[in-house]
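Engineer: One structure, pasted below without further comment.
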Amino acid sequence: MIVCGDDGLAHRLAAELRGVYAEQVTLVVPPSGRRVRRPVAGRARAASAALLDRVVSAAAGRAGAGGTEPASNDQVVEAAEVTEAVLTEVGADRAAALALVYDDDETNIRAALTARRFNPRLRLVLRLYNRRLGQHIEELLDQTAAVASGDGLGAGLDASTTVLSDADTAAPALAATALVGTSKVVQTEGLVLRAVERQPPRPGEVADPGLCTLALLSATSNDPAGADGSEGSGEHGPQLLPDETAVAAATGRGTVVLEQVSYSGPSLPAGRGGVPPFASLFSRRLRWSLAGLVACVLALAVGLMIVTDEHPLYATYVTLLDLFGINDPAFHESTARQVLQLLSGLVGLLLLPVLLAAVLEALGTFRSASALRKPPRGLGGHVVLLGLGKIGTRVLTRLRELHIPVVCVESDPDARGMATARRLRVPVVLGDVTQEGVLEAAKIHRAHALLALTSADTTNLEASLYARSVRPDLRVVLRLYDDDFATAVYRTLRAAHPFALTRSRSVSHLAAPAFAGAMMGRQILGAIPVERRVLLFAELEVGGHPQLEGRTVGEAFRAGAWRILALNTSPPGGRRGEAEPPVEGRVTASGLVWDLPPTYVLGAGDRVVLAATRRGLAELLGRRRRERAGT
């Protein structure tokens, strides 16, 4: 296996292939002087710096407990770009798969074209942020491989191209983590998997198991100083895919249950072509002023109708003439009529500046329709999102699809997500989160949650500490790369604020299993975080897997490894015969059958959707890997 990259995802992916799938990995990285260095916070307050020193000290004491540095037996090659000479040096002609996970889309595309030309049968996995471009590149490279092979892609070699985005993989999990009661969601090509984290039932209550229990949360989740369960938590950590006995015995532990498996069309945020809603044209104060003037006009018209005994329409018309100074003076009219005319003239004088203000405000609103909005007065219950890079932009889109109010904080006015924020009309505060007053401008004291998603761990930590000083019970989600550092931060924050919800997530940790699974020849549908561990969802053919083929759904289940969730009976190929009786279970319009009976026998032509741990999926794919090695 060959992994080419210039950031943390490359190292995490190499560790995933080596530790989970027992693959030999060659890592291609830029020369030392050109590697991307992770930014650090520029200005640290004294309080946050002191806590950060304690956190770093605690993390240093745990060094070596599961880091992601490449092993000494892995080959590391330094190269400025992926050329045919570099591919020859790393043995791409003999490799099973090549992953291109540079941070730049153009670099990955250029390297993929070179690699496909160098070895048409090589399996490629690309990291691309642009989803539409990724679809075209995937079709192009697959077509190139088919033409070069002459006889299709070849089932034995399983050559293919898979385009993935770490931002798309991690965004649903990050968005769901920031929302209490919101399901963990995996959505890809119309397939929607929803899971939810549930707290332990109270005495006398029975927990709803959902469709199935996917995981048991760590036993230390009720301990304020307990660690967020990771791979090294042992028996106290989370248990993925437990059996019924383990679920029944796990009293007092929270669960992650599957709520829904279905097909759904792609959801796109509704838009109005850049035209702001009518209510946003005028401020509330101006709207009240206009309403007051209209009420005065109506009152004057009613008064004139009573005084002159005229028709209501005629009385209104005369009132408007008086209002705009068009009517003749009422010299020879009654005193009441003269007073009404004077009052109408006075209201007309008041109306002129209000109309002028309305015109100017409306013009300003249309001009600033593409400009950044400021957080409105009285805003509360929203999510404060720090960072509008690749990850932050995808999370922002996901939150708005869920109709969650968001206020963004970004220091770079030319950041990638600024255009998305303007299009979605999301308020943005420009400024450095390490400076005083920036989070206050984002209404952090009335926010529901804080999502710190910048690329610097220390910046995310500092913003979280300051937000907690303003609002101790604030829900905080931090993007932290290093596992040991994240564990130390998590324990410290929980000990300091035991009644507040704190979560830490690593984008590379969430994305690496999907990339590794694609390199093994299977499309990973997505992943959900279970504390600091990851549960994968994949679709594969039963044929060639003795652990599944010929077994019932109940027999195919292996606790802690994998569980069959659904059967895909949709084309291509018509794998199931037309004369065969229909499959029991809940069938969607797209042919996806979920809630399968335990007695259903899995045939060689079946395609199943399953949940699996990383090691469980590696075991399922192990036979194919050995067959390729023997070939």
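The values are calculated or read from the model by the stated rules, or taken from the named source; none is laboratory data. Because the structure is a prediction, the values reported are computed rather than measured. For neighbour counting, all protein chains shown are included, and Cβ atoms are generated from backbone atoms with ideal geometry for every residue, glycine included. Remember, those area values only see protein heavy atoms, side chains included, never the ligands or the DNA or RNA. Shrake-Rupley method; radii C 1.70, N 1.55, O 1.52, S 1.80 Å.
Engineer: So how many residues does the range 502-526 have that are among the hydrophobic types (A, V, I, L, M, F, W, C), open to solvent by less than 10 Å² (accessible area, probe 1.4 Å) and assigned to a strand (DSSP E or B)?
Structural biologist: 1
Engineer: Would you mind stating whether SER464 is farther than 30 Å from GLU23 by Cβ, open to solvent by 30 Å² or more (accessible area, probe 1.4 Å) and touching a helix residue (DSSP H, G or I) at 6+ places or on another chain (Cβ under 8 Å)?
Structural biologist: no
Engineer: Of the numbered conditions (1) at pLDDT 80 or above; (2) touching a helix residue (DSSP H, G or I) at 6+ places or on another chain (Cβ under 9 Å), ASP104 fails exactly one; give the number of that condition.
Structural biologist: (2)
Engineer: Then there is this: Please find, among ARG110, ARG132, ARG123, ARG116, the residue that is open to solvent by 20 Å² or more (accessible area, probe 1.4 Å), closer than 26 Å to VAL76 by Cα and either among the polar types (S, T, N, Q) or at pLDDT 85 or above (or both).
Structural biologist: ARG110
Engineer: Could you list, ordered by first residue, the pairs with Cβ atoms under 6 Å in which the first is in the range 120-145 and within 18 Å of ILE2 (Cα to Cα) and the second is assigned to a loop (DSSP other than H, G, I, E, B), at least 6 apart or interchain?
Structural biologist: Hits for this filter: ARG121/LEU157; ARG121/ALA159; ARG123/ALA159; ARG123/SER160; ARG127/VAL101.
Engineer: So, one more: For VAL28, state whether it is among the aliphatic types (A, V, I, L, M), part of a loop (DSSP other than H, G, I, E, B) and modelled with pLDDT of 90 or more.
Structural biologist: Answer is no for this residue.
Engineer: Is one or more of the residues making up the range 442-460 of a type in the set (D, E, K, R) and in contact with a Phe, Trp or Tyr (Cβ under 8 Å, 6 or more places away or on another chain)?
Structural biologist: Yes, some residue in the range 442-460 is of a type in the set (D, E, K, R) and in contact with a Phe, Trp or Tyr (Cβ under 8 Å, 6 or more places away or on another chain).
Engineer: Next question, about the same structure. Of (1) in a loop (DSSP other than H, G, I, E, B); (2) modelled with pLDDT under 75, GLY544 satisfies all except one. Which?
Structural biologist: With respect to (1) in a loop (DSSP other than H, G, I, E, B); (2) modelled with pLDDT under 75, GLY544 is out only on (2).
Engineer: Search the range 89-117 for residues that are among the aromatic types (Phe, Trp, Tyr) and pair each with any residue that is assigned to a strand (DSSP E or B) when their beta-carbon atoms are under 8 Å apart and the residues are at least 6 apart or on different chains.
Structural biologist: Sorted first by the residue in the range 89-117, then by its partner, the pairs are TYR102/CYS4; TYR102/ARG127.
Engineer: State which residue pairs qualify: first residue closer than 9 Å to ASP322 by Cα and inside the range 338-357, second residue among the aromatic types (Phe, Trp, Tyr) and not in a helix (DSSP H, G or I) in any location, beta carbons under 7 Å apart, and separation of 6 or more residues or different chains.
Structural biologist: Going by the 7 Å Cβ cut-off, the qualifying pairs are GLY348/PHE324.
Engineer: Among (1) open to solvent by less than 10 Å² (accessible area, probe 1.4 Å); (2) aliphatic (A, V, I, L, M); (3) at pLDDT 75 or above, there is one condition ALA495 misses while meeting the rest; what is its number?
Structural biologist: All conditions pass for ALA495, except number (1).
Engineer: Report every pair of residues separated by at least 6 positions or lying on different chains whose Cβ atoms are under 8 Å apart, first residue within the range 471-490 and under 23 Å from HIS11 (Cβ atoms) and of a type in the set (Lys, Arg), second modelled with pLDDT under 80 and part of a strand (DSSP E or B).
Structural biologist: Qualifying pairs under 8 Å: ARG479/SER504; ARG479/ARG505.
Engineer: Quick one: would you say ALA71 is at negative phi, among the small types (Gly, Ala, Ser) and modelled with pLDDT under 90? Even if it seems obvious, please write down each step before you answer.
Structural biologist: Working: at negative phi: yes; among the small types (Gly, Ala, Ser): yes; modelled with pLDDT under 90: yes.
For ALA71, the condition - at negative phi, among the small types (Gly, Ala, Ser) and modelled with pLDDT under 90 - is met.
Engineer: Does ALA449 fit the bill of being more than 21 Å from LEU478 (Cβ to Cβ), crowded, with 19+ Cβ neighbours inside 10 Å and among the hydrophobic types (A, V, I, L, M, F, W, C)?
Structural biologist: Taking the combined requirement at face value, the residue does not satisfy it.
Engineer: Scan the range 216-231 and tell me whether some residue there is more than 22 Å from ALA486 (Cβ to Cβ) and modelled with pLDDT of 60 or more.
Structural biologist: Taking every residue of the range 216-231 in turn, none turns out to be more than 22 Å from ALA486 (Cβ to Cβ) and modelled with pLDDT of 60 or more.
Engineer: Which ones in the range 1-25 are assigned to a helix (DSSP H, G or I) and either of a type in the set (Gly, Ala, Ser) or in contact with a Leu (Cβ under 7 Å, 6 or more places away or on another chain) (or both)?
Structural biologist: Matches in the range 1-25: GLY8, ALA10, ALA14, ALA15, GLY19.
Engineer: Another question, then. Considering only the range 169-179, I want to know if a residue exists there that is modelled with pLDDT of 80 or more, open to solvent by 30 Å² or more (accessible area, probe 1.4 Å) and either of a type in the set (Asp, Glu) or under 30 Å from TYR102 (Cβ atoms) (or both).
Structural biologist: no
Engineer: Also, I was wondering about something else. Report, by residue number, each residue of the range 311-323 that is in contact (Cβ under 8 Å) with a residue 12 or more places away in the chain and farther than 14 Å from VAL294 by Cα. Please lay out each step first, then the result.
Structural biologist: Residues of the range 311-323 that are in contact (Cβ under 8 Å) with a residue 12 or more places away in the chain, as a first pass: 315-316, 318-320, 322-323.
Listed by number, the residues that qualify are ALA315, VAL318, ASP322.
Engineer: Consider the range 311-349. How many of its residues are in contact with an Asp or Glu (Cβ under 8 Å, 6 or more places away or on another chain) and surrounded by fewer than 14 Cβ atoms within 10 Å (Cβ to Cβ)? Let's see the steps before the verdict.
Structural biologist: Looking only at the range 311-349, we keep the residues that are in contact with an Asp or Glu (Cβ under 8 Å, 6 or more places away or on another chain), and these are 318, 340-341, 344-345, 348.
Keeping just the survivors that are surrounded by fewer than 14 Cβ atoms within 10 Å (Cβ to Cβ) gives none.
Going through the range 311-349 one residue at a time, the tally reaches 0.
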